[in-house]
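Since the structure comes first, as structure tokens, the remarks are kept for the end.
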Amino acid sequence: MAASPTERRFRNAGLWLVLLAALAISITPILAPAVPHAYATDQFSTDRAIDHVRSIALRPHPMGTTAGTRVREYLVATLLESGIEPELQTVEAPDYFGAPGGTVAVTNVLARIRGSGDGEAILLMAHYDTVPTTPGANDNSAAVAALLEVARVLAASPNLANDVIILFTDGEEPAPRYGASAFASSHPWNRDVRLAVNFEGIGVAGPSMLVETSGPNAALVDGLSSAAANPVAYSFMATTADLIGGAASDFDVIHSANLPGFNFAYLRGSSVYHTPRDDIASTNVRGVAHHGSLALGIVGSFGDRDLVELSEPGDSVFFTIPFSLVIRYPVGWGATTAILATAGFFAALRFRRRHASSPVRPVRAAGLVLLGTLGSVALTTVAWIGLVNARPKMGVGEAYGYLAALIGVLGAGWYTTRRRAIRRGVDPGAGIVALWVVLCLVVGLALPALGYLFAVPALATAIAVLLPPREAGYRLHLTRTALVAIVAFVIMTPAVDTFFHLAGPRPGNPSSELPEVIAVAMLLAFLTIGLVASIAAKSAPDPAPGNSSTVRL
């Protein structure tokens, strides 16, 4: 029996409310945490850290310059005020930004807070030099300031078992990473390091995200999940960093040594990267606070542990969900998850066919959906590359406005694809499922730490479709939609957001621009829109008499 017009409007409103709520929930894990207010001397103070940024980021301070010397003297004086005796490590390096053939002194600033154990150490590091074109408030004065405040807090706190080494490197900006390389190759403290944590900032907003890990990551991720109040960690990002050869920072030295470690950075608004606009006014205050809380959380979690266990073999698939929970499981389960998700899809399709009024032709449907996918992704990719060229200085808010428009185009692309499929007598829902099955298997088997992006929503969809059929009632269909939408959005939103910002403009360093990466973000967004919309169509109001456009999986 068909629903009345009023009932259909009510059901439509309920459906949209569920989808918007699911989207809002999915955004929460990637928001930068609020800035805490601290007054006690043994607590991290964001205000004190920002004062350090103001003192450090007055002007560009590349390696080998008098401005760099001024910053170094400030670091030494601040550590002494905290009751920590620093030391300097100086090496000669090519004058990368000066006259060809010349050399300059590259000087690291180090401090060691002794623990009560046998000398094993946690290394916290950030570079204090800049390129000549920027005062570097975010790259990397913010991280330096955070670690200065962390050092002060640690000096005023009870001793841990493990030592903590604070390393402010010089000469990070040139590709050889002169300061970090010098510490790793010739400083005696390096032999004691069992865990290294690097902090960076290449934008003006966003949380301090785990960009990559080094060495076996199972024990690292387990420790991080309990160490930090607001971890933002995804194995898809770590896998991506490995695929592109690292994040191009001091952490490259740690990674090359296969030393267990974390590399954190905030990424949003990278149009200021290496430009004069990376100034004090642009400082990511929440990012500074997040750097500090992560550093203190990691030291607190690993400070009394036997750090040798971090080198034990074992990698994990991991991702953050709402309420700052880090889901993790052995990477060996990745292939199993992909196979289970695929089997669940096929079981769901077979089950649903018993309730369908016409046979499903998934191969033909997949072909039509694939064409729609490629067309929509190509259109939005070309549009974004044009925007990057036209608006190289776009801000974070402006960029998100463009992202919303691009997703609107993808939505229109899915609507057009769906209508075309229905006119040709095939089920677009079956087509989008077929694409998910292929990606779930291929990516899940080849790159399991990234394959969860497809496997987890696939499992949720299989469960939803296996629930009772349409005759069971509207509320159950709304529940089915909520299940798929929440899971798909929570899993995919961080990936879409991250790849979108990796594709952002960087006029201060054009060689690091990757605008074509937007195609990955658009592909993930289109697949998610298609999957959720196909399930939502089952929860839509009953069609009016004579309307046969109901989609079936």
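The values are calculated or read from the model by the stated rules, or taken from the named source; none is laboratory data. Nothing here was measured: the structure is a model prediction, and the numbers come from that model. Neighbour counts are summed over all protein chains in view; Cβ atoms, including those assigned to glycine, are modelled from backbone coordinates with ideal geometry. Only protein heavy atoms, including side chains, enter the accessible area calculation; ligands, DNA and RNA are left aside. Shrake-Rupley method; radii C 1.70, N 1.55, O 1.52, S 1.80 Å.
Beta bridges per DSSP, both residues in the chain: antiparallel share near 60 percent. Sequence gap at least 6, Cα distance under 8 Å: using those rules, report the relative contact order of segment 83-153 to the nearest whole percent. It rounds to 25 percent for segment 83-153. Principal-axis analysis of the Cα atoms of the chain puts helix 142-155 at an angle of about 70° to the longest axis. Built from the Cα atoms of segment 150-200, the convex hull projects on average onto 4.4 nm², one quarter of its surface area.
Per residue, the solvent-accessible area of the chain (1.4 Å probe, heavy atoms of protein chains only, all protein chains present) comes to 40 Å².
About its Cα centre, the chain has a charge dipole of approximately 3860 debye under the convention of +1 per Lys or Arg Cβ and -1 per Asp or Glu Cβ, with nothing else charged.
Residue 17 to residue 446: FRET efficiency via 1/(1 + (r/R0)^6), r the Cβ-Cβ distance, R0 45 Å, to the nearest 0.05?
Details: r = 38 Å, r/R0 = 0.85.
Efficiency for this residue pair is about 0.75.
I want the antiparallel fraction of DSSP beta bridges within segment 110-213, as a percent rounded to 5.
Values: 4 of 16 bridges.
Taking every DSSP beta bridge with both residues in segment 110-213, the antiparallel ones total about 25 percent.
As an exercise, use a Förster radius of 35 Å and the Cβ-Cβ distance of residue 77 and residue 514 to find the FRET efficiency, rounded to the nearest 0.05. Mind showing how you got there, number by number?
On the way: r = 40 Å, r/R0 = 1.13.
According to the calculation, E is roughly 0.30.
A simple packing score, the average count of other Cβ atoms within 10 Å per residue, orders the peptides 161-172, 223-234 as 161-172, 223-234, with the highest score first. A full extension of the chain between residue 335 and residue 191 corresponds to an added length of 48.1 nm, given 0.36 nm per residue minus the alpha carbon distance. Mean separation of Cα pairs under 8 Å and 6 or more residues apart, divided by the residue count, gives the chain a relative contact order of 18 percent. Sorting 60-66, 275-281 by their mean Cβ neighbour count within 10 Å, with the most densely packed peptide first, gives 60-66, 275-281. With a simple spin-label model that places each label point 7 Å from the Cα along the Cα-to-Cβ direction, the separation between residue 47 and residue 309 comes to 4.0 nm.
The label point for residue 346 and the one for residue 175, both projected 7 Å from the Cα toward the Cβ, are 4.7 nm apart. Label separation (residue 7 vs residue 423): 3.2 nm, computed from points 7 Å beyond Cα along the C-beta direction. When the charge dipole of the chain is built from unit charges on Cβ atoms (+1 for Lys and Arg, -1 for Asp and Glu) and taken about the Cα centre, the candidate among 326, 265, 493 whose Cα reaches farthest toward its positive end is 493. Heavy-atom surface analysis with a 1.4 Å probe gives the chain a carbon and sulfur content of 62 percent of its accessible area. If you find the alpha carbon centre of segment 477-531 and of segment 121-156, how far apart are they in angstrom? Spelled out, the Cα-based centre of one part sits 30 Å from the other.
Rounded to the nearest 10 degrees, the inclination of helix 5-27 to the longest alpha-carbon principal axis of the chain is 20 degrees. Normalised by 2.2 N^0.38 Å, with N the number of residues, the alpha-carbon radius of gyration of segment 1-133 equals 1.88. Packing-based ranking of 293-301, 330-338 yields 293-301, 330-338, ordered from highest to lowest mean Cβ neighbour count within 10 Å.
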